[in-house]
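Notes follow once the structure below has been shown.
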Amino acid sequence: MTRAAIPGLPSRYPIGDLLPALYADDDLAQRFTAGLDTVLAPVLSTLDNLPAYFDPSLAPADFLPWLASWIGVEADPAWPVELRRAVVARAVELHRWRGTRRGLVERLRLCCGVHADVRDGGGATWSAEAGAALPPPPTGELLVRVWPVREGVAVDARRVLDVATASCPVHLTCRVEVLPGPPGEPEQTGS
């Protein structure tokens, strides 16, 4: 972080003004304390604005990676600053839904600007009828079908795959299909 490299940053609390009256007219004392003010001004400014450092929408851009590390978020430095701010701001909510369809759909909407339909191939099924046939063997594949939130916007399939793979359970492979629009079935966002 480069908080100290702000030329001419004034101190809100000049030390020279706080000296006893005896030193108020002393040129050496005033120049010495002015030098201290130059060194301390960035520190005092940072402390005065400390609450803003903990708000992802206000924190300096170079502070975001450190703030993200506190809550266990990996925000790609290649992403625009506003997207990284949004990911950090919603991190706790997204952690709550991690490993679920809803969590993956929300993460893809936030990070990639796409709607998603997630098909889990993990093999967990149930039946309302006693003695029903066993389910087919699991495919071992998580199918993520995505389409843009707005028409005419291109979907970055590589980025979608990276986000989906990072959220995919380790025992499943992940495959992404990019669709031009919503599939015929309603979007599944349940957990």
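The values are calculated or read from the model by the stated rules, or taken from the named source; none is laboratory data. The structure presented is a predicted model; accordingly, all values stated were derived computationally and were not measured. Neighbour counts are summed over all protein chains in view; Cβ atoms, including those assigned to glycine, are modelled from backbone coordinates with ideal geometry. Remember, those area values only see protein heavy atoms, side chains included, never the ligands or the DNA or RNA. Shrake-Rupley method; radii C 1.70, N 1.55, O 1.52, S 1.80 Å.
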Of the residues SER69, SER11, which single one is of a type in the set (S, T, N, Q) and part of a helix (DSSP H, G or I)? SER69
Please count how many residues of segment 58-78 are touching a Phe, Trp or Tyr at 6+ places or on another chain (Cβ under 7 Å) and in contact (Cβ under 8 Å) with a residue 60 or more places away in the chain. 1
Checked ASP48, ASP55, ASP37 against criteria (under 30 Å from GLY8 (Cα atoms) and in contact with a Pro (Cβ under 7 Å, 6 or more places away or on another chain)); the one match is ASP37
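Listed here are the residues, each with its yes/no results for (1) out of contact with any strand residue (DSSP E or B) (no Cβ under 8 Å at 6 or more places or on another chain); (2) buried (at least 17 other Cβ atoms within 10 Å of the Cβ); (3) touching a residue at least 24 places away in the same chain (Cβ under 8 Å).
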{"site": "PRO80", "(1), (2), (3)": "yes, no, no"}
{"site": "LEU83", "(1), (2), (3)": "yes, no, yes"}
{"site": "VAL87", "(1), (2), (3)": "yes, yes, yes"}
{"site": "GLU93", "(1), (2), (3)": "yes, no, no"}
{"site": "ARG98", "(1), (2), (3)": "yes, no, yes"}
{"site": "GLY103", "(1), (2), (3)": "yes, yes, yes"}
{"site": "ARG107", "(1), (2), (3)": "yes, yes, yes"}
{"site": "VAL114", "(1), (2), (3)": "no, yes, yes"}
{"site": "ASP117", "(1), (2), (3)": "no, yes, yes"}
Go through the residues of segment 139-154 one by one and say whether even a single one is at pLDDT 85 or above, of a type outside the set (Ser, Thr, Tyr) and more than 25 Å from the chain's Cα centre (by Cα). yes
Mind checking whether some residue in segment 15-34 is surrounded by fewer than 16 Cβ atoms within 10 Å (Cβ to Cβ) and in contact (Cβ under 8 Å) with a residue 24 or more places away in the chain? no
Considering only segment 36-68, state which residues are open to solvent by 80 Å² or more (accessible area, probe 1.4 Å) and either charged (D, E, K, R) or at pLDDT below 90 (or both). THR38, VAL39, LEU47
If you go through segment 155-191 one residue at a time, how many are modelled with pLDDT of 80 or more and open to solvent by less than 90 Å² (accessible area, probe 1.4 Å)? 22
Considering only residues that are of a type in the set (S, T, N, Q) and either at positive phi or under 12 Å from the mean Cα position of the chain (by Cα) (or both), which ones fall in segment 35-88? SER57, SER69
